[in-house]
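This report refers to the structure that appears directly beneath it.
The values are calculated or read from the model by the stated rules, or taken from the named source; none is laboratory data. Nothing here was measured: the structure is a model prediction, and the numbers come from that model. Here the Cβ is made from the backbone with ideal geometry for all residues, glycine too, and neighbour counts use every protein chain on show. Calculation scope for accessible area: heavy atoms of the full protein, side chains included, ligands and nucleic acids excluded. Shrake-Rupley method; radii C 1.70, N 1.55, O 1.52, S 1.80 Å.
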Amino acid sequence: MITSESDGMSQGPGKVDSSGEENSWQPASWQAWEAKQQAKYPDQDELENVLQELSALPPLVTSWEILALKKQIAEAQAGNRFFLQGGDCAENFTECNSEVITNRLKVLLQMSLALTHGLQKPVVRVGRFAGQYAKPRSSDVETRDGVTLPSYRGDLVNSVEFTPAARRPDPHRLIQGHASSAMTMNFVRALVDGGFADLHHPEYWNLSWVQHSPLADEFQRLADSLGRAVNFMETISGRRAGSLKRVDFYTSHEALHLHYEQALTRTVPRQQGWFNLTTHFPWIGMRTADVGGAHVEYFRGIRNPVGIKVGPGASATQLEQLLKKLNPESEAGRIVLIHRMGVANIEARMPPLIRAVQDTGSPVLWVCDPMHGNTETTASGIKTRRFRNIMNEMETAIELHHQNDSQLGGAHLELTGENVTECTGGARNLDEADLKRAYKSIVDPRLNYEQALELSMLIVSKFDKLT
Ligand code: PEP
Ligand code: CO
């Protein structure tokens, strides 16, 4: 994308200021705090050289796109939009190809079509892509047959094969991560700008195998009815709905690898403050969301909208402190709280947290991630999730917010446009035996295209039943 603003002037790694003053934040300030879940690089000089190189590379997104997303999130907080965030648990470099990218975009567009139509409000579309390359792990090491090696921490850090060379954290992967993110962004931008997302042509987004899906008829009805609505609007207004040709698409990833995020944190001309220019919407993972930790310190200083994962262990006090630290001015559009309680915990955990946040008076967007609290391992050792649990957590979330004078404003999902079998259940009722057939994820199990679309239709019907 060619722009007139020279957004993203390189600042290089900032200096840690020990004065402790509120305003003394620098991109490197986090280094004075405890940073969990970081890669341990064997060669510090090699890391420093790569970070210098990274600091000089162009940014991946611009400040005005980030601020446009913040505005859309503020609208969602006011109940006027629904937030849809979805994509892989972990992207990998080998799947940075046109088929995977196009199919993922198609499923997100189809889901947003179902949601826009069903909820009668525009959808904020955010992909878990173009940078979702770093993963938190429960242990620093993995042992197989008596051999212990560093855990796989995502393609940004090391490689998944179980050999000493593959598992060695390699800083050059940071450059590859930047490049693969840029290629993904570039292709998504080109597709969206080229009319791929044109609402006059939802047939562009059809995946070939959907014709054989039990949901095919329902989706076709939806697409036809949307087509009629677009025509109706154009007939009434007497002009072609040009703005429907192009939909907004934003990127997101867990900003886990703080050296990487720091190197792309820049100031821009004619804007105050610092922006993380690797992505529009970075989020803080559940394992790194402590108020006294390095991640929260890093996020405090950037102007992007910020996602925070909220797990079953979160307390009301922790949320109050996080809001105070990350959004002291109570700015609209700044905070998205993504709860991921698990179907077994949500009913007990959510109401006190909803009330605690209401009492702060600080605006937030509540989003449900029904994936991460519902992961289980089968007897044969396969990580999976049951569609029924995912759906139940989502429906319970909608209900609980409604009962507590709050509102569920979005969904955060792990999904793919590929025809995988990683989660059981759904319209085709996949069972444990099916998991072996097309299980591709190297980290968490994702909804396939059909399950993702089914979930969006169920979200619509749950909201319908509330009113
Ligand atoms: C994730 O979103 O892939 C993830 C690891 O989530 P959480 O931090 O909620 O466990
Ligand atoms: Co995951």
### Summary
Between L365 and residues 5 or more places away or on another chain, the pairs with built amide H atoms under 5 Å apart involve I335, V336, L337
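Stretch E432-V147 to full length: gain in nm at 0.36 nm per residue minus the Cα-Cα span?
Full-extension gain reported as 99.6 nm.
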### Query
Rounded, prolate or oblate: which one fits the chain, using the alpha carbon gyration tensor with axes a ≥ b ≥ c (rounded when a/c is under 1.5, else prolate when a/b beats b/c, else oblate)?
rounded
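Let me check something: with ligands and nucleic acids excluded, how do S138, S225, S252, S380 order by accessible area (1.4 Å probe), largest to smallest?
My answer, sorted largest first, is S138, S380, S225, S252.
Calculate, for T360 and H402, the FRET efficiency according to 1/(1 + (r/R0)^6) with r their C-beta to C-beta distance and R0 25 Å; round to the nearest 0.05.
About 0.80, to the nearest 0.05.
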### Over 23 Å between alpha carbons, listed pairs K36/K324; K36/K70; K71/K324; K436/K462
K36/K70; K436/K462
### Query
Name the GluC sites (Glu not before Pro) in segment 116-204 that are in a loop by DSSP and that have at most 16 other C-beta atoms within 10 Å, would you?
E161
### Task
On the full set of protein chains, 1.4 Å probe, figure out the accessible area of K440 and give it in Å² to the nearest 10.
110
### Summary
Expected unfolding gain across E34-Q52 under the 0.36 nm per residue rule, minus the alpha-carbon gap, is 4.2 nm
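Using r as the Cβ-Cβ distance of H201 and N345, and R0 as 45 Å, what FRET efficiency do you calculate, to the nearest 0.05?
According to the calculation, E is roughly 0.60.
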### Query
With Cβ to Cβ distances under 11 Å as the rule, what net charge do the other residues near E95 carry (K, R +1; D, E -1)?
-3
